[in-house]
Structure formats: C-alpha cells, structure tokens
Amino acid sequence: MSKKVILCVDDEKTVLDSLKEQLKSYFGQKYTIELAENAEDAWEIIEELAATETRILVIVSDWLMPGMRGDEFLIKVYQTFPTITTILLTGQADTEAVKRAKTDAKLHRYLSKPWRASELVEAITSALG
Amino acid sequence: MSATTNVEVVPAARPKASILVIDDILADLTLLSRILSPHGYQVQQVSNGAAALLEAQTRLPDLILLDIMMPEMDGYSVCQQLKADERTGDIPIIFISALGGVLDKVKALSMGGVDYITKPFQSAEVVARIELHLSLRQTQKRLQEQNEQLRQEITRRQAAEEALQNANSSLKEEIEERKQVQADLWNMARRFRSLLENSSDVIAILDEEQIFRYVSASTARVLGYESQDIIGKKIFELTHPDDLPIVKNIINQNLQQGGDIPSLEFRFQHKDRTWRVVEGTSKNLLDDPVVSGLVINVRDITTRRQAEIERRQYHDHLEKVVTERTAELARVNQELQEDIAQRQHTEIILNQQTLNLRSLVEIQRLLLNAHTSPPPFQAVLKLLGQIAQASRAHFFENHLSPGGQLLTSQRAEWCAPGISATIADPRLQNIAYDRLDPYWLDTLNHGRPLIFRNPAIFKQGSPIPGLNLSCLLYVIACAGQPAVIWSHCPGRLPGGQTARGVEEVDVMWAAVASISLYLENARLFQEERRQRHMAESLQEVATILNRSLDLDTILTKIMEQLQRVIKYDDLGVLLREGDDLVISAGSKSAKSAIGFRIPLATDDVAVRVYKSKRPLVIADMHTDPLFAETWGGNKAVRGWMAIPLMIGNTVIGTLNVDSFSVGAFSMEDAQILQIFANQAAVAIQNARLLREAQEQRQIAESLREVATVLTSSLDRETVLAKIIEQLGRVVDYDSAGVFLPEGDDLVLMSGTGFDESNLGYRVSLLSSLPEAQVFHRQQPYIIADVREDPYWQIWTENDPVRAWMGVPLLSGSQAIGILTIDSFKIGAYGEREVQILQTFASQAAVAIQNAQLYQQIRREKQLIETMLASSPVAIATLNLDQTIASWNPAAEELFGYTQAEVIGRNIDEVVASTELRAEAISYSEQMTQGKQIHSFTRRTRKDGYPVEVELLAVPVVVDNEPVAIFALYHDLTEIKQAEEALRQRNEQLAQTLQELRATQDELIQSEKMAALGQLVAGVAHEINTPLGAIRASIDNISQALNETTQQAPKLLQQLSAEQQARFFALLDRAAKSKNLLSSKEERQQRRHLRHLLEAHQLHEVEAFADMLVDMGVYDDIEPFVPLLQEPIAPAVMEVAYKLARQRKNSDNISLAVERAAKIVFALKSYAHHDHSGAKVMANIQDTLETVLTIYHNQLKHGVTIIRNYTPVPPIFCYPDELNQVWTNLIHNALQAMQSKGILEVTLKQVATDIVVEITDNGPGIPAHIQERIFEPFFTTKAAGEGSGLGLDIVRKIVDKHAGRIEVSSEPGKTTFSVFVPVS
C-alpha cells in the first residue's frame, strides 16, 4: 500500500539531511526515505513501519554512533528482518566490526564517508535488483 | 847333531817337549809328525781350529805348529784366541803356511806368532826352528821360576828383619826393666844396710867355726868395736868365761839343729874391757846362700840388770823396816789395850750418871744435825718422854697471827704405845695466848721450867683447851723463846720426885733450850737463807731486768725466785689491762687461768688490794669475814696473800699467793713480798713497756714491710693473697678475709683459715650483718663473742669462731671493701687490734686501689692499644722531640714502614719528602708548643709514592705540659677516589635524569598519542562525517541548481502574481527557518502536516508534508495552503523545495566545514607538543573546550555537559599538557558513567589558584583504591584498554605546574579538582 522505505541512520543531522535529499532525487518517486539519528530511533521506525506493513528495503547506517554501533544494529536488523538490505556508510569503522557485519548481517555494501552519490545509488540499486 | 845339542840344552831327566801340530791337510800332519817324533817330541795332531783350541787348553803343549790356511777357522783366528787365553798365551806358535809373502809373514808375526815356516818346508829347518824356540821357551820359563824364587826370598827376609826388629825392641824393654829392678834392689839393700847400721842391736853373722863374718856398724855404739875389730874373731873370745859353756852349748846346738835360738843372756866384753850383759838370739841361716851362717842379734841389757838389782836391794831394806815397826806397834798396842781397859772401867762408872746426859747429847745431836726439814721433833720428844718416863710429850710453837696476835700451835707429839695421838686436833692449833692459863703464860714470860704436880692448879682446868691433864706435868719454856714444851706422866704423882725430878727437869730444860736454840737457829738459818734468797732473788730479778725484758721470762723468773723466799701452793701475777685485772702469769691452777679477767668494777679481793695499794693477808679464806663468800678462786685455798705491784705510787697489778694451809702467810711474809714485788713491778713494767714498744715497733715494722710487700704487686689477686699473708704478721687470728663490693653484695675475695669453697661467699649490703655495717658506717666493728652478737649470722653449727672484728678498707672517704678477722677466743680483739688492723687496712686499701687502678689503666692501655691497632687511621705517637714512639698497623699500611723501622726516628724524616720537609717541620714546631694541627697535605710512602692525607696532630697534655703528640694521618687517596667516583656517578645520574626526563616527556607524549590513538576512529569519523555531508550537499546543490535554473523561470511565468507572492513567501519562510529539529521531531512534524494537509483535502499530502518539513516550514502553513491547492502545486513545491534545499545544503556545508575545522583545530591543539619546554600564556577555558570538542562525538549522546565557567585570567602554563590532564579526567569520567550521565565541568578561581573540577555522576571510586589511583600502571580497566599511566602523568603534569590534584568520590558524584596557581 504505502511506498517502500529506505531507512538512513546517522548521528549527524547534516549527513542525514543531505543523504535524504540525495536519495530522494534518485529514488524519491518509488520509495520513501526515512531518517533516524541513532539505532534506537531507527528501531522505533522499523517497528512502526512493520506495524503498518510498510516494507523497508534498504537500511543505510553509520557505524560510529552513540549507543548501539552500526554493525550491532545491522546484525539485530538482519536477525529480525533478514530481507532488508544493509549498507554501512561511515567515516570510520573497525575492520573487525565490518567483518562481523558481513557475516552476521549479510552486509551488502560498505561505503566510506565522504561518499559519491553514484556509488551509493549503485549500492542501493543493486540491492533493489 | 841337533839332537845332541838338544840333549845339552834340555836336561836329560826332563821329558821331550810336547808339540801340537795343527793342519787341515792330513799329509802335512803326518809328515810333520814323522819329522818330529824321531826327535823325541810328543806330537799331537789336530786338523781344525776348534779342536786345536780345545787341545791346547787341555794339554798346554810346549809349542804349537799352526797352519794358516784352514777351513772354518784360519790360523790367525786360532792364534788370536790362544794368545787371548791366559793359559795358552805364552805357548810359542810357529806358523806353517804355503803363503810365502812378506806381508803374510808380517801379519803372522804381528798376531803373536814367533816364527814362520813356509811350505814346502825342509824337515831340518822345521826341527831347527822348533828346537830354537823350545830352547828359548825353556830359558824363559827358568828365568821366570828364578825370579819367583828371588821374590819369595825377599819376602821371607823382610819378614825375618821385622821379627828381629821386634825382638830387639822387646829386649830393650827387658833391659830397661832389669835396670829398674836392679836400681830397686840397690835401694832396698841400702835401706837394709841403713837399718842394720842404725839398729840399737848388733847384728852379726857367724860362720860354722863360730867366727864373726859380719858385724853391723852398730857394734861401735853398743860394744865399742869397729866392725873390723871383731870380724875374724871367734865369739867365745869375747864371751865372759862364766857364760862360755852355755853360749858354746847354745851356738853349737844351733849350728847343728838349725832354727832359732830364743833369747839368751850372757856377758860380752866391751872394748873398754868391761863386761856388758847382753841378750842374744841366734838364727841358723847356713843354708841361705847369701848369709850362709848364724845370724846373731845382740842387745846390751846391762842397765836393765843394774836396775833390777837396785830394786831388789830396796825391797830387802823395806822388809827389814816393816819387821822393826811391827814389833814397835805390837808394843804400843799393848799399851793402848791397857789404857782402854782402864777407860772402860771409868766409863762403866760414869755410865749410870751420864745416861740422861747422853739423851741430852742425843737430843742436841739430833737437833744439831737437823738441818733438814721437818725437824726431828718427834725423836726429840721421844727422848724427852723417856727421860721423864712420860706417856706423852707435846711440842708447841709460838707464832704471830697476820694481825700480830701471839698464838701457839702444836707442832709435834710423841705418845707412848697405847696412848692416842692428838696431833690432828684442831683445838691445839692457833691457840691465842690470852686463852692460855696465867701459869703457863708466866712460864712463858719468865722462860723457866715449871713442874705442876697437880694440874688442878690450872684455873681453867687445862692449860690447853680440850686436853685432859691428870698427872705430873712439866711445862718447860725458855725465856724469850716462843717455845713451850710440857709433859705429863700419869704414874708419877706428887711425892718421891726429888733430886731425880730436878735432875730430869734440868736435863729437859737443857733439852728444851736446845730446841729453842735449834728453833732460833733454824729461824735464823731460815731467815738468813731467806735473806740470802731474797738478795739472790732480787739480784736475779735485777739481772733479769738487765738481761731480759721479756715479760714472760720475767714473770717466770719472779715466780721461780719467789718460791725460794716464800712457801706457797699457788701464785699468780695479775696485771691491769684496760678496765680489768688480768691473770698474766701463774703457777699451777693460776697458770691455767692465764688470761682470765677480773673487772676493776667488782669487789674482788685482788681488786681491793689493787685499789688500796696495800698488801693483804688472809689467814683462812674459808672463814674470812670479808671474802669468804665472794672468793671465786680455788676452794682448796686457805691462806691467801696479795701484794700490790707498785712503781712509785702507781699500781700496775697484784702479786697473789695462796696456800692450802690456814694462816700460811704472815705480815712479815707480806713485807718481804712487798720488797720483792717492788722489784718485780719495775721489771714487769719495764718488760711491759719494752714489750709494748717492741710490739709497736714490731707492728710498725711489720706494717712498713706489709706496705712494701702490698704495694710491690699490682696484680689484684696477688695483692689480695698478700694482704692475707701479711695480716698474720701484725695481728693474731684464726681466720681472716677480704670482702669487696660487687653489686649489692660484699663478696669474699680472699682469705685464710676456712675452706676454699667459701671464697665467693656473699653478704648482702642491704642486710644488717656486721660486714655490711662495717662497710656502710666505715667504722670498725668488734664482736667480743659472736654468740652474743645480735647481728651475727652463724655459718655452721659448731663454728669455733667466737671473737670477730671487721674494719673498712678505706680509700679516701670511700669504702672499697672490708677486712675481717676472727678468733676462737672470746674477747680476743680490743682497741690495740683495731688500731693495728685499721693501719693495715689503710695500706691494704691503697694496695687494692692501686691494683684496681692498675688493672683499669692496663685495661685502658689495652683498649688504647687495641684502638690504635685496629684503627683504620694511621696513628703515630710522637715524643716531644718528634721521634716516633709508636706506629700502628694502619700507619704501617699507609706508609709502608714497619713499626720496628721507624721507632725512634724523626717523624718528618720518615714521612715527609724533601720538598714537604719545611712544611712538616713547621707543623712539628707548632705541635711541640702544644698546638693542634689540622691540615690536608701530602706525605711520602717508603716506596717514594706520595699519599694525600688529612693530618690531625693533637698534643697529649698532662698537667698543662705537653708530653707527647698524637699524629693521625687519614688516607685521603680512597676518599679522593671516592669523590671522583661520586662525581662521575653524579654526572651519570644527571645524565640518567636527563634521559629519564626525556623518557618521561616521551612517555607523556606517547600516552597522549595513545589517548589520541583511541580517539582516532572517532576523529576520522568526525572529519569524514562533515566531509560526507559536504559532498552530498554539494551534489544536491549542483543538481538542484541545474534543475531549478531550468524549471524556475518557466514556473514563475506560469504563476499568477498572487501565486508568485505566495511562492516567494514560502521561500522566504524556508530561508528564515532554523533547522532546529531532530529527525524524530521532523517525522512528527511531517505526520502533523500530513494530517493538516489531508484536512485541506489536498493531494500529494505525503510528498508535500515531507518537503515542507525538510524546507523547515511546518508552523503556520495556512498562508501556503491555497498555493498547495493549485493544480500546479507539485511543480511549485518541487522548485521551492529545491531552491530551499540549496540554501539548506549551503548551510549544511557551512556547518560541516565549521565542524571539521573545529575538530582539526582541537586535534592540532591536543597533539601539540611544545619542545621549547617554556610556559606560554594560555586560557584554561580554551584548553577545556579543546578537549570537550574532541570528545564531542562521545559526549553528544547520552551525556549532558554542564559548563560552570567563571572568567579566569590567562596564566603561564603548558597548555598541551593541561589538555592531556582534562582528556584523562574526562575520559575516565565518561568511562565511569559508561557514556551516559551528567558531566560537570567547573572553572573558577579560588584565591591564587585556578581550579578545574571535572565531576561525573558515575558509581564512584571504591574507597580502598582511591589511594592508589595516582600510582603508575594502576588501572581498573581491562588489559589493553588503558596504560595505567594516565593519572600518574596527570599528577606529574599538575606537579609541573606547581599545582595539586584532589579527588573526592562517592557513588553518584566523583570530582577531580585540579589547582593551578595563577602565578
């Protein structure tokens, strides 16, 4: 019923805002872009969307955030919603954490900040198939 | 021919010579044998060398023919071996060989061959040569034999010669011996001759014809003849014709029978023609080859004979005289006998008349002879009784009582048989005259005899109390003589007693007179004797006075002498000693009481005499009214007398005599004794004075010697032993001891008279025992009898000790011990002993003190020596002239000289080299003046090396006079080395410190970088994040710009003016909006807007709401609703959104850049390391903010930061290091809070400090680790999370700012306060 959702999680508002605008220009017609500033908020949105049977297709998450880190968050997401494509978009990430995310959260892409729009779009597009 | 020749040369008796032929060729052998045999040679043949050698050695041929050329052993070899053999070496060898060369011959001859015959040989030649050589051989042999014989001969002769020489020498010895024997014989002969010549006898030898053959020279003397006068004469020619027959007979007999003829007297004519009687003996020595005759010995005995004749004549004369006298005596005898007869007749006549006279004479005789005592009164009384025909006879003697009263006492008694004796009757003793009958008194007073025919006339019944008189009584007295004799005869009552009675009375009177006379004589005699004895005794005493001043001797002598003067049973001399009279000498029982003291305070009888200075005589001690009861002496004593011993008016004692007889002493005795006593007193006093003087001298002498002995040793044990040893010289004791204090005790250190096990006996000084009292009071203590002393503690039950004395050993006013003596005698010690012992003790104390001082000094000396020996400092003691007196091992070590090398040498010459000499000498001069030197200088070792020393020279000053110098050399070599080492060490330390500081800096830096490293992830993130935002925003802007540039103009043309106004109003609102919402709030706004728009029945609600919120337009959207209701609304919204977004993106970029720049700045500030090390002016708040910025990412979620900043002045500090402080504190706070909670940062100024407080509301630091948190490497974090150096470094940095850090913590509030001074 509702448009499918791409969820972005980042503790930096500027990043979130610019990310949303960027993704909106590429995928705004077909998907809703939701934003969360931390894993807790994100999980809230996920549950809310799940309640309205709005599918989340992709989650783009920062790694270094206050509270739950990105890898943990994505693993948690994968454990509940294995169909959601997960992408890490971060300024810095522990390699161990990335490795963990790849195995335990079936991480789709790992993107470094500052990112290029094309690589982000490609990552999402490839996920959307 | 040759044979003949041979025969000539060789003796025919000898066998022909044997020849050994050696040839290997049988033919030659045979040939030679054939040639030689006919010449008579014994030929042996052998065909080889070996056989030849064997043959030659066994047979020893006279000659050998030897072929040279032989197999196996050639002739040369055979020859060589034969020559080498001793047995065969001489055998001539003739070589026979076919070899005819000269060389062969030479070789053969050089081998020892004698000849050489060449084969083929001529038999004649062979024979001739053989003969020649054999003959040579023979000659040779003979010569050898001859030589041998000659040699033997020579040997033999030598032996013979030797034997002869021996014989000669023994002969010479023999001759010498014989000469000696001869000489001896001559001497002997001469002696004999001399003997003969000088003999008083004539010795002659008669031959068988009785002719004199020899006469000794003594003939001339004896008989007047010269020898030649007699020799040749016959003995008979000179013999007296009367004696001729017997002489002839005897000599003939002797000639015939031999042997000896004993002495024969005969007359021999002297040359003066007188006849001399001679005594001759003869000895037949005819068989003696030397004498060969009769040896006659003749002695002149003429004189002897003459004397005998004269004696005989005198004897005859005497006999004649005796005969004549005997006749005369017989005649006289006859006359005498006649006279006696006549006298006997007269006697008989007179006998009857003189019977009484005889008795009287007898009495007188008895009395006259009665010099011995007791007088023979009883015999006299018996005679008297017989004269008076009495039954009894009594003899009374008058005498004076000591009080001068006349008394009479029965002295003797005679009783006829059957009459009982009264002699023992005490009533007949000491009868006072006033108790006598007047008649009796009258008799006595007139000295005439009385005859009482009737005793009844006695008024009192009996003149003698208790004696019953019932018959004739004769009372006879001699006037003036205190003698009374009375007699009574019961059978002769009045009447008939006439002349006879008178006659008897006369006789009795005479007898009594004799008795009186006797008694008077006896008394006089006694008196005389007594006087004499007295004189003698006094003289003796005087002599003793001159001769002896020994009290004991004098006392003994006095007693001895007294015995001669007075009869007594016992005698004692009592002398005053102190407050007592002391029995000082005595005989018998008094002797055993010597030493007994009678106090002068008592009422003793002797004391009375002593005090009254008068003699006292007591007749009977048993009855004396004054003293009978108080008498404490011998109970047997009856008579007693005491004389004061006086010198001038001074009494020194008493002389007491006593007797077992009542009234033994009279005043007269006392007077005599007084004279004696006066002499004795002087003697005694002198003796006492002398003894005292001697004793004092002796004691003084002893004490002097003791002092010498005691101080002769400095060994304490020896001194103690000597004290005891010497003590006996000055005072008598049974045991003695020296006690010295030890702790709270007196300890017996030395002594004598007790078992050695008692040494070490302790007396507590806290006790009140006599020893302790002596020590404490420093006063002597005398105990007369220990059994009476309350303080005495008995050692053993049967301790014989009675008297005791202790004196303190005083050194100055201090007691150093006590000296004790004791005695088994009660009261042995008095004032005298105290004085002596005190004097002695003072010497002993000095000696002990000296010994102790010496011991102490020796210990101190040893201590000093040990100190010197063990001192690490070189020490030399110097005499004042700078010569070395001692040199300790350290000095030996330091200077390399042994003590022996330097003693006596000048110190400066020893240890100061030439260039140091001047300085050293100047020091020495100062030292000599008593100045102390302390200097750092240099001295020289024996090996020439210099040593750095610290010299300390200290003068040793005794009584303000320097006596020696202590020179101490402290070797500074090691100290200098040590100083150098220390300096190097310090340098090293400084360097190490430098390094450490560098390390510390590095450590701080690395800690900082480590902390930074932890932040790197975040930092990268922090930078990359804005970069990402920037890039995305730029992309968005660029895209939006492209799109809006195309779309916006077109859109604006399509819009009405109103719509345009609304459009720009929207843009304006968006531009003015502040993006203050979080994503979550935006979602809420979006949802709210959606509902709002839905309420306006708008389409595209979702998209519009989204865009509006993103544009920042969510309040009061009513003005824009009409626009949104337009059909063109989506396009309008898109353009508006994009335009608005461009601004938003620009703002985003601006924000991101700002953020990135801030982070980079913080990083730069943080990582800054000021290598200059100098403080810079900085604002503390900035440093706090830098750190908070770095931690921004970690702080922005979950941590609330409260900044309590008060403005503070900038200060000089190390800002980068302070950053590190804040970083650490904030980091710790975050970790403690697990990144959730309140972080309070306070900055303020308190007084002169700027204070930064970092407070978190975490669980707090447990109290038990608060103390440790600043320790390096202390951490509560898991391994790898923290270095543990954080707070340590924090504190170091704060210290570096001269500040301090404090922590207070409780759950929910932990505050770290950093104080940094402003200046």
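The values are calculated or read from the model by the stated rules, or taken from the named source; none is laboratory data. The shown structure was predicted, so the numbers you read here are calculated from the model rather than taken from an experiment. Please note: Cβ atoms are built from the backbone with ideal geometry, for glycine as well, and neighbour counts cover all protein chains shown.
Could you list, in sequence order, the residues of the range B:244-278 that are under 18 Å from B:Ile230 (Cα atoms) and either of a type outside the set (A, V, I, L, M, F, W, C) or within 60 Å of the chain's Cα centre (by Cα) (or both)?
B:Lys248, B:Arg267, B:Gln269, B:His270, B:Lys271, B:Asp272, B:Arg273, B:Thr274, B:Arg276
Among the residues of the range B:782-811, how many are small (Gly, Ala, Ser) and touching a residue at least 40 places away in the same chain (Cβ under 8 Å)?
Residues of the range B:782-811 small (Gly, Ala, Ser): B:784, B:803, B:806, B:811.
Restricting the remaining residues to those that are touching a residue at least 40 places away in the same chain (Cβ under 8 Å) gives B:784.
Final tally of qualifying residues: 1.
Which pairs have Cβ atoms under 7 Å, sit 6 or more apart or on different chains, and link a residue in the range B:105-127 that is on the phi < 0 side of the Ramachandran plot to one that is in a loop (DSSP other than H, G, I, E, B)?
B:Ala108/B:Ile68; B:Val114/B:Pro92; B:Thr118/B:Gly100; B:Lys119/B:Ala98
Could you identify the single residue in A:Lys24, A:Lys20 that is in contact with a Leu (Cβ under 7 Å, 6 or more places away or on another chain), of a type outside the set (A, V, I, L, M, F, W, C) and either under 19 Å from B:Lys1080 (Cα atoms) or within 9 Å of another protein chain (Cβ to nearest Cβ) (or both)?
After applying the criteria, what remains is A:Lys20.
Any residue at all in the range B:1028-1046 that's more than 7 Å from chain A (Cβ to nearest Cβ), farther than 30 Å from A:Asp62 by Cβ and at pLDDT 85 or above? Spell out the reasoning first.
If we filter the range B:1028-1046 for residues that are more than 7 Å from chain A (Cβ to nearest Cβ), which is where we start, we get B:1034, B:1037-1038, B:1040-1046.
Filter once more, keeping what is farther than 30 Å from A:Asp62 by Cβ: B:1045-1046.
Now drop any that are not at pLDDT 85 or above, which leaves B:1045-1046.
Yes.
Regarding the range B:752-761, can at least one residue be identified that is in contact with a strand residue (DSSP E or B) (Cβ under 8 Å, 6 or more places away or on another chain), surrounded by 13 or more Cβ atoms within 10 Å (Cβ to Cβ) and under 15 Å from B:Val807 (Cα atoms)?
no
Would you please name the residue that is nearest to B:Thr820 (Cα to Cα), looking only at residues in the range B:754-784 that are in contact with a Phe, Trp or Tyr (Cβ under 7 Å, 6 or more places away or on another chain) and of a type in the set (S, T, N, Q)?
The extreme case among them is B:Gln773.
Taking the range B:44-83 only, how many residues are among the basic types (Lys, Arg) and touching a residue at least 40 places away in the same chain (Cβ under 8 Å)?
Total satisfying the criteria: 1.
From the list B:Ile130, B:Ile154, which residue is surrounded by 12 or more Cβ atoms within 10 Å (Cβ to Cβ), at pLDDT 75 or above and on the phi < 0 side of the Ramachandran plot?
B:Ile130
Do any residues in the range B:221-246 that are among the small types (Gly, Ala, Ser) have Cβ atoms under 8 Å from those of residues that are part of a helix (DSSP H, G or I), where the two are at least six apart or on different chains, and which pairs are they?
From residues that are among the small types (Gly, Ala, Ser), the pairs are B:Ser227/B:Thr219; B:Ser227/B:Ala220.
Can you tell me how many residues in the range A:74-112 are touching a Pro at 6+ places or on another chain (Cβ under 9 Å) and facing chain B (nearest Cβ under 9 Å)?
1
Any residue at all in the range A:114-124 that's more than 13 Å from chain B (Cβ to nearest Cβ) and either in contact with a Ser or Thr (Cβ under 6 Å, 6 or more places away or on another chain) or of a type in the set (Gly, Ala, Ser) (or both)?
yes
Working only within the range B:556-606, note down all residues that are surrounded by fewer than 20 Cβ atoms within 10 Å (Cβ to Cβ) and assigned to a helix (DSSP H, G or I).
Once the filter is applied, which keeps residues that are surrounded by fewer than 20 Cβ atoms within 10 Å (Cβ to Cβ) and assigned to a helix (DSSP H, G or I), the range B:556-606 yields B:Thr556, B:Glu560, B:Gln563, B:Arg564, B:Lys588, B:Ser589, B:Lys591, B:Ser592.
Yes/no per residue for (1) buried (at least 19 other Cβ atoms within 10 Å of the Cβ); (2) under 30 Å from B:Val582 (Cα atoms); (3) small (Gly, Ala, Ser):
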| residue | (1), (2), (3) |
| --- | --- |
| B:Arg777 | no, no, no |
| B:Pro790 | no, yes, no |
| B:Ile821 | yes, yes, no |
| B:Phe824 | no, yes, no |
| B:Ala828 | yes, yes, yes |
| B:Ile836 | yes, yes, no |
| B:Phe840 | yes, yes, no |
| B:Gln856 | no, no, no |
| B:Arg859 | no, no, no |
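Kindly check whether there is at least one residue in the range B:647-667 that is within 30 Å of B:Arg729 (Cβ to Cβ), in contact (Cβ under 8 Å) with a residue 40 or more places away in the chain and outside any helix (DSSP H, G or I).
Checking the range B:647-667: at least one residue is within 30 Å of B:Arg729 (Cβ to Cβ), in contact (Cβ under 8 Å) with a residue 40 or more places away in the chain and outside any helix (DSSP H, G or I).
Kindly indicate the residue of the range A:27-58 that is within 22 Å of B:Gly1112 (Cα to Cα) and more than 15 Å from the chain's Cα centre (by Cα) and also nearest to the other protein chains (Cβ to nearest Cβ) among those meeting that condition. Spell out the reasoning first.
We begin by selecting, within the range A:27-58, every residue within 22 Å of B:Gly1112 (Cα to Cα); these are A:27-29, A:31-38, A:41-42, A:45.
Imposing the further condition that a residue be more than 15 Å from the chain's Cα centre (by Cα) reduces the set to A:28-29.
Working: A:Gly28: 8, A:Gln29: 10 Å.
So the residue we want is A:Gly28.
Do any strands (runs of 3 or more DSSP E) entirely within the range B:933-988 hold 1 or more residues that are of a type in the set (Phe, Trp, Tyr), and if so, which?
Hits in the range B:933-988: B:933-940, B:961-971.
For the range A:58-77, state whether one or more residues are of a type in the set (Val, Ile, Thr) and out of contact with any helix residue (DSSP H, G or I) (no Cβ under 8 Å at 6 or more places or on another chain).
No, there is no match, as no residue in the range A:58-77 is of a type in the set (Val, Ile, Thr) and out of contact with any helix residue (DSSP H, G or I) (no Cβ under 8 Å at 6 or more places or on another chain).
Scan the range B:1171-1188 and give yes if some residue there is within 14 Å of another protein chain (Cβ to nearest Cβ), of a type in the set (Asp, Glu) and not in a strand (DSSP E or B), otherwise no. Break it down into steps so the answer makes sense when it comes.
If we filter the range B:1171-1188 for residues that are within 14 Å of another protein chain (Cβ to nearest Cβ), which is where we start, we get none.
No, there is no match, as no residue in the range B:1171-1188 is within 14 Å of another protein chain (Cβ to nearest Cβ), of a type in the set (Asp, Glu) and not in a strand (DSSP E or B).
Hey, can you tell me all the residues within the range A:101-127 that are more than 17 Å from A:Val15 (Cβ to Cβ) and part of a loop (DSSP other than H, G, I, E, B)?
Listed by number, the residues that qualify are A:Ala105, A:Lys106, A:Leu107, A:His108.
Check B:Glu701 against each of (1) touching a residue at least 40 places away in the same chain (Cβ under 8 Å); (2) under 33 Å from the mean Cα position of the chain (by Cα) and name the one condition it does not meet.
That leaves (1) as the condition not met.
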